[in-house]
């Protein structure tokens, strides 16, 4: 079985990783994290979210963060914009501060859609359609995050047909690429393969990324299962930032350090300097007052300490 020789990782730590943190994280620290990630060789970074500060207070400094980033050529900076109000806020700044890509999100589970964004899947797509059209018109790329593609905290197992339906709806409104996300980390390789295969009916393999949470310790094997299908885009979070608010006490995003360690061990190129990546994870973890949630980071730092 021929695996991809290169993988591109989107680090979602600054946005998905930090959004549920209760303690305030300053814009300066968030900017510092983005700079350290790009210096480590990350070419795609999910920076912030243009959502109501009432619902996500941690992202209230979105414009300040986008303004403060010193952009590197060849790096794609994305932001979450769930509605027109969010999109308009994201482009209210001068052109050079606009995101390269916006992210809209939908669930493959009706119950999750209702609980998370208070509307049905069909209604969520209707809401995103003008956002996608406005972004494409302005030359901004659009990614669709598909959550709960293998399991839902309210519905349980999610059928691959639901994932295929959501992928088609996203394709129909002009979304250019999609994330197959195991939001609560319950997926195992066969289930993840089924979700990706359902998505492949609507998007080419170059336009699909895997986004796996590590709640049950399955994120790396699910990454491998995706690689075996030819997927070469993945999302992860430096230092394993981001809990899972829907699974009590659960870890959230798989640590970028762990994914990179595995890929490099398989001879797959990422363009990422693992040592610098580990230092970026230490930087944000120290700001949060805790240890990085990454086994590779812990092992390599122990080795460094000699």
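So for segment 80-100 (the condition being closer than 30 Å to residue 159 by Cβ and touching a strand residue (DSSP E or B) at 6+ places or on another chain (Cβ under 6 Å)), does at least one residue qualify?
yes
So, residue 91, is that one within 18 Å of residue 131 (Cβ to Cβ), in contact (Cβ under 8 Å) with a residue 12 or more places away in the chain, over 19 Å from the mean Cα position of the chain (by Cα) and crowded, with 16+ Cβ neighbours inside 10 Å or not?
yes
Against the conditions (1) surrounded by fewer than 24 Cβ atoms within 10 Å (Cβ to Cβ); (2) within 30 Å of residue 34 (Cα to Cα); (3) modelled with pLDDT of 95 or more, where does residue 181 fall short? Just the number, please.
(1)
Looking at segment 1-41 only, could you name the residues that are at pLDDT 95 or above, out of contact with any strand residue (DSSP E or B) (no Cβ under 8 Å at 6 or more places or on another chain) and assigned to a loop (DSSP other than H, G, I, E, B)?
3, 4, 18, 25, 26, 40, 41
For residue 83, state whether it is in contact (Cβ under 8 Å) with a residue 40 or more places away in the chain and within 25 Å of residue 24 (Cα to Cα).
yes
Only one of 120, 109 is closer than 30 Å to residue 199 by Cα and buried (at least 23 other Cβ atoms within 10 Å of the Cβ); which?
109
In segment 45-68, what count of residues is obtained for those that are modelled with pLDDT of 95 or more, out of contact with any helix residue (DSSP H, G or I) (no Cβ under 7 Å at 6 or more places or on another chain) and not in a helix (DSSP H, G or I)?
Residues that pass the stated criteria total 1.
Can you tell me which condition residue 134 does not meet? The list is (1) surrounded by fewer than 23 Cβ atoms within 10 Å (Cβ to Cβ); (2) in a strand (DSSP E or B), and all the others hold.
(2)
Which condition number in (1) within 29 Å of residue 138 (Cβ to Cβ); (2) touching a residue at least 60 places away in the same chain (Cβ under 8 Å); (3) surrounded by fewer than 23 Cβ atoms within 10 Å (Cβ to Cβ) is the one that residue 234 fails?
Among (1) within 29 Å of residue 138 (Cβ to Cβ); (2) touching a residue at least 60 places away in the same chain (Cβ under 8 Å); (3) surrounded by fewer than 23 Cβ atoms within 10 Å (Cβ to Cβ), residue 234 violates only (3).
Please go through segment 81-119 and pick out each residue that is closer than 25 Å to residue 160 by Cα, modelled with pLDDT of 95 or more and out of contact with any helix residue (DSSP H, G or I) (no Cβ under 6 Å at 6 or more places or on another chain).
Of everything in segment 81-119, just one residue is closer than 25 Å to residue 160 by Cα, modelled with pLDDT of 95 or more and out of contact with any helix residue (DSSP H, G or I) (no Cβ under 6 Å at 6 or more places or on another chain), namely 103.
Give 139, 164 a once-over and let me know the one that is surrounded by fewer than 23 Cβ atoms within 10 Å (Cβ to Cβ), without any contact (Cβ under 8 Å) to a residue 60 or more places away in the chain and in a loop (DSSP other than H, G, I, E, B).
139 is the lone residue from the list that is surrounded by fewer than 23 Cβ atoms within 10 Å (Cβ to Cβ), without any contact (Cβ under 8 Å) to a residue 60 or more places away in the chain and in a loop (DSSP other than H, G, I, E, B).
So which of 288, 263, 274 is more than 19 Å from residue 45 (Cα to Cα) and either at pLDDT 95 or above or surrounded by 22 or more Cβ atoms within 10 Å (Cβ to Cβ) (or both)?
Checking each option against the conditions leaves just 288.
Which of the residues belonging to segment 277-299 are over 19 Å from residue 217 (Cα atoms), part of a helix (DSSP H, G or I) and out of contact with any helix residue (DSSP H, G or I) (no Cβ under 6 Å at 6 or more places or on another chain)?
279, 282, 286, 288
Given the structure, is residue 111 over 18 Å from the mean Cα position of the chain (by Cα) and over 30 Å from residue 38 (Cα atoms)?
Here the answer is yes, as residue 111 does meet what is asked.
Condition first: touching a residue at least 40 places away in the same chain (Cβ under 8 Å), out of contact with any strand residue (DSSP E or B) (no Cβ under 7 Å at 6 or more places or on another chain) and closer than 22 Å to residue 102 by Cα. Now tell me which residues in segment 173-220 satisfy that.
173 - this is the single residue of segment 173-220 that is touching a residue at least 40 places away in the same chain (Cβ under 8 Å), out of contact with any strand residue (DSSP E or B) (no Cβ under 7 Å at 6 or more places or on another chain) and closer than 22 Å to residue 102 by Cα.
The values are calculated or read from the model by the stated rules, or taken from the named source; none is laboratory data. It should be emphasised that the depicted structure is a prediction, and the values quoted were computed from it without experimental measurement. Because the Cβ atoms are built from the backbone with ideal geometry, glycine has one as well, and the counts that use them run over all protein chains shown.
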